[in-house]
Structure formats: structure tokens, C-alpha cells
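Notes follow once the structure below has been shown.
The values are calculated or read from the model by the stated rules, or taken from the named source; none is laboratory data. This one's a predicted model, so the numbers in the text were calculated from it and none came from an experiment. Positions of Cβ are generated from backbone atoms using ideal geometry, with glycine treated the same way; all protein chains shown enter the neighbour counts.
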């Protein structure tokens, strides 16, 4: 356990001695001084103090000025100010300048010791919060979300450009593609990074409760409202509010969300008091909102208010080049977190997984690797280690000339998709990736073949020599 260093600066020798003994007994490393000049001689960047107890009036200067010196040298130090000439103004001044507490002499020594415990606990909590913020910032840095496929490059380029703005962002993409991860990357790379990131899934909460979740309520607003409660908009003040699955909002709530976005204010359920907030909103959906607007299921004015900066995340089947790299990324992660020693994937297993359609996108891929890390534990992953639907894909395109149905059965739609992939790749390989000749072999129009390749993310080996993007939402 780290020993805390405490500085006592007071010109009363009796008080210094008494405090030294009490704090030394509690295991602190205590240094005492009777003048500012002496106290400064103990201060150096590599000799950090956690707490200082400082008299306001000293023989050679002002205790508050010395506190400013300490705060510049040790930004997270906690300071308790002592004085024999207390006034409300001096107490306010001390706390405004960063003092943890202000204590008037004579005081109860036990009260001071209690304050030192509280001050050090507060410092510990501040340090923990700072470390967590640093970890979050590091986790969501742009260089932690990497990839070379065209769709990902465009997505990341846009994310980098909009992060520093306050513009509303609408993230679209299938379930499991990483929409919340992109939202967090925007937040933690913005000037709001030290403020809250509040997320709410609009499709996971019953509509009759969602208004209260978003805007809060007052006591007695409805049955069960036994106390005032802040909503997500208020909790996200000065930070970012992430509205996931925004396409599932009821029309009545769409109106209230629109007003909150336009006017930056709202009223909690049951209240007439207006609350003003400074919130950046990032919304996400897997619904085609333009279609929902045309069908009358989503307000056009809210759609345009949300769709200031649209960001689309491509499905995993559209960027198959990233699959091997994502598999290895999550394999390293779960080997470390679960103390496993899987060495990698066999070429047959990797081929099967690259050509699998991944309807659950990256979330499905991550879950598969976690499952394999637990059940396999060590060695190389082969097709025999894969769950049935992945095995069926491997069996289906292992030989395009013959189709085998495993004893465990197969997913028909997925097997057809994999077989089609294998046929296209076989034709392209046979023609040296000449699309015109491959289309003739398959008796397809060239445009049809190109569209299929684009949709499936099928590229030549030279095009597939890329890095990966670790999206895991």
C-alpha cells in the first residue's frame, strides 16, 4: 500500500508536534515546517505531497499564496487551511482557490484528523476517476479503430472530422456493426471528453416509461414516482447523449425529442419547470429512416435535425478482408483475459469464417471467438471446433463441384450464400480476376457480377492485404 506524504505548515510548534504524532501514528509520512521558505525546501516534483495542512497567516507570507504554489506543483494535492482569524469572506476565498476545507482555531484535533481522512479519500477517488478517463480515452483513440477497407476508411475519416464539432450525428448500420463504439470514439475525442457520455436504447424501454427515462420526472408525477429523478438529457449536460435505435421512437416522443434538440430545453414529466441543457446528441439506428419518413412512421423534421452528419458503418460481409484480422484481434484479447493459449486458426477454418455471411456482424464474430477460447482453450482452431453453422459453410464451399450435408445439418440460406461466394471466387481465380471473363464463365452480366462482389466484399488477394478495424458493438 502506498504511503501518503503530508506537509504541516504552521508557526505554532505545539500544534505541529501534536499533528505530527497523530498523523505519523496513522502511517503517514509527515513533514513539518514553521515558515513558507522552509516548506518550499521540501517541495520538488519528484517528492510529491498528497495532503497539506497550512496556516493562513505565517511569519513570512500568506498561506493561500503558498497553497497556489502547491497546486501548481502538485495539481491533485488536497489542502486544509487553518486560521485563528476566521471570517466568511476568507473561508469563501480559500475554498474558491481550491482548499478542501477551512478550519478555525482553536479546533478539535479529532475533527482535523477526520478531515484528513476525507481529503485523502477524495484525492484517491479523483485519481481513480482520472485513470478511468485516461483508459477510456486511450481505448477510443482513432488509432485503436483501424482498417483499410474503403467503407471503413470513409467512416473513420468522417468520425475524425466531426469529433471536434458539436454537430448532431446520425450513425446507421446493421445491428452489431459497432455503432455505439463509433459514438464513444466521437465523444472521447471531442472537447466534451471529460463530461458524461450517457447512452440509452430507445427500443429496449417501453414507450410509457421512455419519456421519464429521457426527461426525468418529479415526485408524484405517476404511480411509482416516489421521488424526483433526473432524466438522461439532464445527466448528459455538458457531455454527449447517445440515442440508440432512435428509429423505434413513438411519434409523441419524437415531438419532444425534436424540441429538446432545437431549443436545448425540456420539462420533466409532471413538472412545469423548464430545464436548460448543453448536450451533444448522437443517434443511431438500423432502420431506414428515409423510408420510415416516407411511410409516415418517423417525423421528417426530426430526421433532418438528426441527420446533420450521417455516418454509415458497413456490414462485416461487405468488408471480408477485415475478418482474419478481427479474428486474431479478439483471439489475442480473450487469450489474455481468460488465460488461454489458442495459437490461431487453420487455413480451412479461416477460409470458412472469411466466407461466412456474419448476419450478426462483429458482435457475432466476437462472441464466436469468446466461445472458442472457452471451449477450445489451446492449440489451433480447425473446422471441427466450429459450431454447426460455420462447419456447414466450410463443408459447402470446400469443393464447389460437390455439396455435402453434415450430420448436424446446415443453415440453408447461409449455405447457399457461401456456395455462391465460392463459385464467384473460383471463376475469378480461373480468369486471373478478369471480371468480364469470369462473368462469361458464370453466364452473368458483368454488372451483376460486380454488384455481387461489392455486396459480398469479395476482392483479390492484393486488394485484401489490409489491416483491420476493431469494432465490437
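Taking the criterion of being part of a strand (DSSP E or B) and closer than 18 Å to residue 73 by Cα, the residues of the stretch 3-29 that qualify are 5, 6, 7, 8, 9. Within the stretch 165-186, the only residue that satisfies the criterion of being more than 17 Å from residue 307 (Cα to Cα) and in contact with a strand residue (DSSP E or B) (Cβ under 7 Å, 6 or more places away or on another chain) is 184. When only residues in the stretch 229-248 that are touching a residue at least 40 places away in the same chain (Cβ under 8 Å) and assigned to a loop (DSSP other than H, G, I, E, B) count, which is surrounded by the fewest Cβ atoms within 10 Å (Cβ to Cβ)? So, considering only residues that are touching a residue at least 40 places away in the same chain (Cβ under 8 Å) and assigned to a loop (DSSP other than H, G, I, E, B), the one surrounded by the fewest Cβ atoms within 10 Å (Cβ to Cβ) is 238. Considered as a group, the residues in the stretch 435-461 that are under 34 Å from the mean Cα position of the chain (by Cα) and outside any helix (DSSP H, G or I) include one that is modelled with the lowest pLDDT, and that residue is 461. Among the residues of the stretch 203-226, just one is part of a loop (DSSP other than H, G, I, E, B) and either surrounded by 19 or more Cβ atoms within 10 Å (Cβ to Cβ) or not assigned by TED's automatic domain parsing to the domain that holds residue 268 (or both), namely 216.
Scanning the stretch 232-283 for residues that are on the phi > 0 side of the Ramachandran plot and modelled with pLDDT under 90 returns a single hit, 270.
This table checks each residue for (1) out of contact with any helix residue (DSSP H, G or I) (no Cβ under 8 Å at 6 or more places or on another chain); (2) assigned by TED's automatic domain parsing to the domain that holds residue 123; (3) surrounded by fewer than 15 Cβ atoms within 10 Å (Cβ to Cβ); (4) at pLDDT 85 or above.
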| site | (1), (2), (3), (4) |
| --- | --- |
| 14 | yes, yes, yes, yes |
| 18 | no, yes, yes, yes |
| 25 | yes, yes, yes, yes |
| 29 | yes, yes, yes, yes |
| 38 | yes, yes, yes, yes |
| 47 | yes, yes, yes, no |
| 53 | no, yes, no, yes |
| 74 | yes, yes, no, yes |
| 77 | no, yes, no, yes |
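The residues listed here are 430, 391; of these, the one that is in the same structural domain as residue 348 (by TED's automatic domain parsing), surrounded by 15 or more Cβ atoms within 10 Å (Cβ to Cβ) and either under 27 Å from residue 150 (Cα atoms) or modelled with pLDDT under 75 (or both) is 391. So is residue 181 in the same structural domain as residue 70 (by TED's automatic domain parsing) and either buried (at least 17 other Cβ atoms within 10 Å of the Cβ) or at pLDDT below 85 (or both) or not? Against the criterion (in the same structural domain as residue 70 (by TED's automatic domain parsing) and either buried (at least 17 other Cβ atoms within 10 Å of the Cβ) or at pLDDT below 85 (or both)), residue 181 does not qualify.
Do we find a residue being farther than 24 Å from residue 193 by Cβ, touching a residue at least 12 places away in the same chain (Cβ under 8 Å), touching a strand residue (DSSP E or B) at 6+ places or on another chain (Cβ under 6 Å) and surrounded by fewer than 21 Cβ atoms within 10 Å (Cβ to Cβ) anywhere in the stretch 269-280? So far as the stretch 269-280 goes, yes, one or more of its residues are farther than 24 Å from residue 193 by Cβ, touching a residue at least 12 places away in the same chain (Cβ under 8 Å), touching a strand residue (DSSP E or B) at 6+ places or on another chain (Cβ under 6 Å) and surrounded by fewer than 21 Cβ atoms within 10 Å (Cβ to Cβ).
Considering each residue of the stretch 193-202 in turn, at least one proves to be within 16 Å of the chain's Cα centre (by Cα), in a loop (DSSP other than H, G, I, E, B) and without any contact (Cβ under 8 Å) to a residue 60 or more places away in the chain.
Filtering 300, 290 for residues that are within 29 Å of the chain's Cα centre (by Cα) and without any contact (Cβ under 8 Å) to a residue 24 or more places away in the chain leaves a single hit, 290.
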